[in-house]
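Reviewing the structure listed below.
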Amino acid sequence: MDIKGHWLDNQSVAGDGVGTIDVHNPATEEVLASVWAGTEADANRAVESARAAFQGWRRTSAVERAHLLHDVANNIRAHWDALAELLTLEEGKPLPENEEELEWVADTFHYYAELGRHIRGTVVPSGEPENQLNMVLKEPYGVVGAIVPWNYPLLLLVWKLAPALAAGNTVVVKPSKMTPLSTLFLAENCMAHLPPGVVNVVTGYGGVVGETLVKHPDVPLIALTGSLAVGQRISELAAPMIKRLHLELGGKDAFVVAPDVDIEQSARALAYAALINTGQVCTSTERVYVAQDLASDFTGALVEHVKTLRLGPGIEPTTDVGPMIGAKFRADFAAQIEDARQHGASILTGGRVPPGFERGFFYEPTVLTGVDHSMVIMREETFGPAIPIMTYESFDEAIELVNDSKYGLGAVLRTNDARLAKRFYEDVQAGTIWINDPLTDNYAGPFGGMKMSGNARELGIEGLLGFMETKHVHWDFSPEAKEWWYPY
């Protein structure tokens with residue numbers, strides 16, 4: 001079996017230990033390849049490589065860095081088919097969704113290549129403008145540790161990597177043990193023209209490689225997309241060193257259906273928001289609130305639409321909904337469905353492993369009614385193909401239900417009423433509000449959460465500034481003594 005090496009100093013290298021990790025295709029359960037189970041020594045070697053490269057990279061002109069990042073994007077397009085297929089095989093979502101991911105990956109490099117040419121700081125008014133200059137400079141931190149999840153292995157990497165590099169940082173990447181192959185391919189085939197050590201990839205387990213990066217004294221900033229529990233663990237480890245943490249954590253996103261909507265169109269919008277990537281998206285709709293008078297017709301239309309969706313391997317062109325990522329994830333998801341059923345929820349469609357799928361981690365898209373906030377499925381992150389529906393009587397009640405969560409990543413409203421839309425985006429506690437068009441991002445618009453969904457913003461200028469430290473320079477052109485110096 002092929003063992004893929006770590007990427008250090010622009011070379012594929014074997015791991016320090018003897019352990020390996022098999023990477024499976026979630027649609028077939030076959031082993032695609034193996035990677036090294038990185039050790040503390042492997043992670044330390046990557047940090048040393050990135051630290052050694054940092055001074056040269058930070059002093060590379062912004063124009064040259066921009067050209068190099070544009071080249072990364074162009075290389076991605078040159079390897080488009082191979083990357084799209086590899087993403088599909090190791091992560092599972094349908095090929096069209098992975099092609100969209102690659103569009104975002106390439107264009108994010110283009111976006112930050114140019115944005116990095118424009119941000120250095122500002123000049124602020126001085127107390128004595130005739131002989132003083134005051135500047136606020138934005139500078140790179142140094143080595144960034146990027147810990148990346150499996151559900152969008154390249155997109156959620158590049159939302160960190162592109163701005164970090166544009167700002168002048170070097171990066172050590174710890175990809176998910178479940179989807180490391182596309183990251184290694186990206187580094188070897190699309191980033192080998194960068195100076196050695198600027199981007200390094202170490203595969204392995206979070207408790208070893210990830211925690212080594214978090215505790216390493218030469219890694220001042222950790223950027224994570226992951227679960228709340230992992231974010232809490234990293235915060236605990238990083239606290240003694242007062243590290244900068246760039247955390248994008250879990251979500252429990254709500255979808256509100258106002259009483260004035262077109263039922264068929266809104267049912268399709270909800271199905272997309274809840275089931276894209278088989279519901280394995282941090283911003284997937286996981287709670288639905290439908291106006292009482294609309295509930296029966298809307299739920300019926302939703303169920304009929306969901307029943308038409310085709311399950312299968314993501315690589316097949318007829319597939320709408322692919323597999324879940326692994327057996328444990330499917331089991332955890334099924335336990336939430338069963339808990340809801342045990343507590344009185346009704347399953348209108350789905351609720352089972354589909355017949356005829358002996359291999360792969362498939363689960364039928366599942367629509368539930370009769371749920372409430374006492375159930376786990378309405379409180380904790382689900383990360384699977386579930387659409388649990390509650391009703392509301394007033395819009396005030398709908399907003400209260402949306403805000404009744406420890407998470408605040410995103411929320412969706414379907415309405416034609418501008419007054420309801422304004423109330424929604426003003427009163428809902430979430431980092432992204434979608435009115436009518438769910439789960440659409442914008443390169444120039446910041447992405448991130450409120451409450452326990454994290455403390456970071458990715459994309460936009462905020463995504464660049466998150467990887468830059470602030471320095472104030474007070475420059476007096478005159479060396480003469482000041483009247484306020486001693487003696488008084």
Could you run through region 156-195 and say how many residues are in contact with a strand residue (DSSP E or B) (Cβ under 8 Å, 6 or more places away or on another chain) and assigned to a loop (DSSP other than H, G, I, E, B)? 9
Among (1) small (Gly, Ala, Ser); (2) crowded, with 17+ Cβ neighbours inside 10 Å; (3) not in a helix (DSSP H, G or I), which single condition is ALA106 missing? (3)
Residue among LEU137, LEU154, LEU181, LEU194 that is crowded, with 24+ Cβ neighbours inside 10 Å and touching a residue at least 24 places away in the same chain (Cβ under 8 Å): LEU154
Just to be sure before I move on: is ALA398 surrounded by 20 or more Cβ atoms within 10 Å (Cβ to Cβ) and either within 26 Å of LEU137 (Cβ to Cβ) or not aromatic (Phe, Trp, Tyr) (or both) in the structure I sent? yes
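This table checks each residue for (1) without any contact (Cβ under 8 Å) to a residue 60 or more places away in the chain; (2) touching a Lys or Arg at 6+ places or on another chain (Cβ under 9 Å); (3) not charged (D, E, K, R).
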site	(1), (2), (3)
GLN232	yes, no, yes
ALA239	yes, no, yes
VAL261	no, yes, yes
ALA273	no, no, yes
THR285	no, no, yes
PRO313	no, no, yes
Please go through region 13-33 and pick out each residue that is within 27 Å of the chain's Cα centre (by Cα), surrounded by fewer than 17 Cβ atoms within 10 Å (Cβ to Cβ) and without any contact (Cβ under 8 Å) to a residue 24 or more places away in the chain. ASP22, GLU30
Residue satisfying all of: in region 5-22; touching a Ser or Thr at 6+ places or on another chain (Cβ under 7 Å) and in a strand (DSSP E or B); farthest from VAL143 (Cα to Cα) among these: ASP22
Read through the list (1) crowded, with 24+ Cβ neighbours inside 10 Å; (2) touching a residue at least 40 places away in the same chain (Cβ under 8 Å), then give the number of the only condition that ARG120 fails. (1)
Give region 236-255 a look and list any residue that's outside any loop (DSSP other than H, G, I, E, B) and farther than 21 Å from PHE383 by Cβ, or say none. GLU236, LEU237, ALA238, ALA239, PRO240, MET241, ARG244, LEU245, HIS246
If only one of VAL124, VAL136, VAL171 is at pLDDT 95 or above and within 20 Å of the chain's Cα centre (by Cα), which one is it? VAL171
In region 431-448, is there at least one residue being among the hydroxyl-bearing types (Ser, Thr, Tyr), outside any loop (DSSP other than H, G, I, E, B), surrounded by 15 or more Cβ atoms within 10 Å (Cβ to Cβ) and in contact with a Phe, Trp or Tyr (Cβ under 9 Å, 6 or more places away or on another chain)? yes
Name the residue that is nearest to the chain's Cα centre (by Cα), counting only residues in region 407-428 that are over 26 Å from GLY326 (Cα atoms), assigned to a strand (DSSP E or B) and not charged (D, E, K, R). GLY408
Just one of GLY351, GLY344 is surrounded by fewer than 16 Cβ atoms within 10 Å (Cβ to Cβ) and more than 25 Å from the chain's Cα centre (by Cα); which is it? GLY344
Please verify whether GLU114 is part of a loop (DSSP other than H, G, I, E, B) and surrounded by fewer than 21 Cβ atoms within 10 Å (Cβ to Cβ), treating the condition exactly as stated. no
Suppose the filter is in the same structural domain as GLU91 (by TED's automatic domain parsing), outside any strand (DSSP E or B), in contact with an Asp or Glu (Cβ under 9 Å, 6 or more places away or on another chain) and farther than 26 Å from PRO385 by Cα; does GLU139 pass it? no
So ALA223 clears everything in (1) surrounded by fewer than 24 Cβ atoms within 10 Å (Cβ to Cβ); (2) part of a strand (DSSP E or B) except one condition, right? Which one? (1)
Go through region 353-406 residue by residue and tally those that are assigned to a helix (DSSP H, G or I), of a type in the set (Val, Ile, Thr) and touching a Lys or Arg at 6+ places or on another chain (Cβ under 9 Å). 3
Residue among ARG45, ARG51, ARG59 that is touching a Leu at 6+ places or on another chain (Cβ under 7 Å), modelled with pLDDT of 95 or more and of a type in the set (Lys, Arg): ARG45
Go through GLU304, GLU358 for me and flag whichever is out of contact with any strand residue (DSSP E or B) (no Cβ under 6 Å at 6 or more places or on another chain), modelled with pLDDT under 95, assigned by TED's automatic domain parsing to the domain that holds GLY410 and of a type outside the set (Gly, Ala, Ser). GLU358
The one condition in (1) exposed (fewer than 14 other Cβ atoms within 10 Å of the Cβ); (2) farther than 16 Å from ALA164 by Cα that SER61 fails to fulfil: (2)
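The values are calculated or read from the model by the stated rules, or taken from the named source; none is laboratory data. Given the structure is predicted, the values throughout are model-derived calculations rather than measurements. So basically every Cβ, Gly included, is an ideal-geometry build from the backbone, and we count neighbours across all protein chains shown.
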